[in-house]
1. Spot the failing condition for GLU238; the list is (1) within 13 Å of the ligand (Cβ to nearest atom); (2) out of contact with any strand residue (DSSP E or B) (no Cβ under 8 Å at 6 or more places or on another chain), and only one is missed.
2. Criterion first (away from the ligand (no atom under 16 Å from the Cβ), surrounded by fewer than 18 Cβ atoms within 10 Å (Cβ to Cβ) and either of a type outside the set (Gly, Ala, Ser) or modelled with pLDDT under 95 (or both)) does PHE257 satisfy it?
3. Please determine whether any residue of segment 83-95 is more than 28 Å from LEU157 (Cα to Cα) and surrounded by fewer than 16 Cβ atoms within 10 Å (Cβ to Cβ).
4. Among the residues of segment 302-311, is any open to solvent by 10 Å² or more (accessible area, probe 1.4 Å), under 23 Å from SER96 (Cα atoms), within 13 Å of the ligand (Cβ to nearest atom) and touching a helix residue (DSSP H, G or I) at 6+ places or on another chain (Cβ under 9 Å)?
5. Quick check: is even one residue across segment 60-72 surrounded by fewer than 19 Cβ atoms within 10 Å (Cβ to Cβ) and either aromatic (Phe, Trp, Tyr) or touching a Phe, Trp or Tyr at 6+ places or on another chain (Cβ under 8 Å) (or both)?
6. Given the options LEU297, LEU252, name the one that is over 30 Å from ALA103 (Cβ atoms) and buried (at least 18 other Cβ atoms within 10 Å of the Cβ).
7. I need the full set of residues from segment 101-158 which are away from the ligand (no atom under 15 Å from the Cβ) and among the hydroxyl-bearing types (Ser, Thr, Tyr), in order please.
Amino acid sequence: MRYISLFNHSDDLCDGICLSETSIPKPASNEIHVRTLASPINPADINVIEGTYPILPSLPAVPGNEGVAEVIDPGDQNEIQKGDIVIAANVPGWWSEHRIIPADKVYRLPPSIDHFQAACLSVNPATAWRLIHDFVQLKPGDWIVINAANSALGQSLNQIARALDLKVVNLARRPSLVHGSDTVFDDDDSAIQQAKSCLNGASIKLAINQVGGQSSRRLMKLLSPNGTMVTVGAMSKEPITVSGGQLIFKNLILCGFWITKWLDNAPRIDIEKMYDSLADLMIKKELEISIDSSYPLEDYQSAIQHAKRSRKGKVILTF
Ligand SMILES: NC(=O)c1ccc[n+]([C@@H]2O[C@H](COP(=O)([O-])OP(=O)(O)OC[C@H]3O[C@@H](n4cnc5c(N)ncnc54)[C@H](OP(=O)(O)O)[C@@H]3O)[C@@H](O)[C@H]2O)c1
């Protein structure tokens, strides 16, 4: 089988990775043998390859944080059948034609699910689900505010919010790429007044920050007193600066969230319920991640270069 091997971290993305070949490993009794169908190239994958992600695998490693696969051999698992379409929670190493995955990390999806959508389900939609459910009590009609609104995470936040009758103020560098919302603003200081006039005095209790720097300052300006800003990304690579006044007089709560940690600690039943709900939304096309393009595994260099550039959705590796 062919797989991508990361043997050296490098800024020049394709310097430290290569296409390698090995025999397909044999599963143990509590493991499942799957054939990979598709895997996206996420910002975290690029950071791992570059060596800038805070948690790095020991090298050599197989990159790829999420993906979708078809079961080849379910081993001794009764609930999983040959041919099932599955994802896994927190088992990096997706850029490989075949995988052996611990059975307790595998989650079955409806057979009719679109493979590219399924490949993007386990990280961004799951993060959006947790962000909307776990931090602030929101009721129908409530507002949240987010930046990088056209990202896969931003799309997931918008679509899950819509399903729950929540409203979203969207800030984006490229507002034209945020679909299905009429409260989308350029992520610059003009957004603050424009967004406030749309709110008509309504409060915003939750902000989701994927960017940092000036963009996170704008989110804090839009949050209401006692509001919470959850940071999940640092796309601008700039630090979050907060004035004392935002903490003392507005009593903002600033915290972070990492889906990897949540998936590591959550009971299987909670993960299963969340993935079932997300798959259901995907089947109904109420949750749909924009896909920019797909590349076969052997074109990984072009795929990674493309994922690093400006694009209109996810770049997907196919196997
Ligand atoms: N903490 C967690 O558990 C968790 C889970 C999932 C995702 N994340 C994080 O969430 C972020 C989005 O992930 P994703 O997979 O949804 O991303 P994505 O679909 O690949 O989209 C990337 C987004 O980042 C924006 N961006 C890129 N460079 C930027 C910069 N210098 N300044 C401002 N915006 C910039 C892009 O805007 P343009 O389209 O204008 O380039 C786009 O909106 C990443 O930081 C990722 O690591 C965190």
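The values are calculated or read from the model by the stated rules, or taken from the named source; none is laboratory data. The shown structure was predicted, so the numbers you read here are calculated from the model rather than taken from an experiment. For neighbour counting, all protein chains shown are included, and Cβ atoms are generated from backbone atoms with ideal geometry for every residue, glycine included. For the accessible areas, the whole protein counts, side chains as well, though only heavy atoms, and no ligand, DNA or RNA atoms are used. Shrake-Rupley method; radii C 1.70, N 1.55, O 1.52, S 1.80 Å.
1. The failed condition is (2).
2. Spelling it out, it is not the case that PHE257 is away from the ligand (no atom under 16 Å from the Cβ), surrounded by fewer than 18 Cβ atoms within 10 Å (Cβ to Cβ) and either of a type outside the set (Gly, Ala, Ser) or modelled with pLDDT under 95 (or both).
3. Scanning segment 83-95, I find at least one residue that is more than 28 Å from LEU157 (Cα to Cα) and surrounded by fewer than 16 Cβ atoms within 10 Å (Cβ to Cβ), so the answer is yes.
4. Checked against the condition, which is being open to solvent by 10 Å² or more (accessible area, probe 1.4 Å), under 23 Å from SER96 (Cα atoms), within 13 Å of the ligand (Cβ to nearest atom) and touching a helix residue (DSSP H, G or I) at 6+ places or on another chain (Cβ under 9 Å), segment 302-311 yields at least one hit.
5. yes
6. The unique qualifying residue is LEU252.
7. TYR107, SER112
So that you can scan it fast, the table gives a plain yes or no per residue for (1) in contact with a strand residue (DSSP E or B) (Cβ under 8 Å, 6 or more places away or on another chain); (2) within 24 Å of ASP299 (Cα to Cα); (3) of a type outside the set (Ser, Thr, Tyr):
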site: SER10; (1), (2), (3): no, yes, no
site: ILE32; (1), (2), (3): yes, no, yes
site: PRO54; (1), (2), (3): no, no, yes
site: PRO57; (1), (2), (3): yes, yes, yes
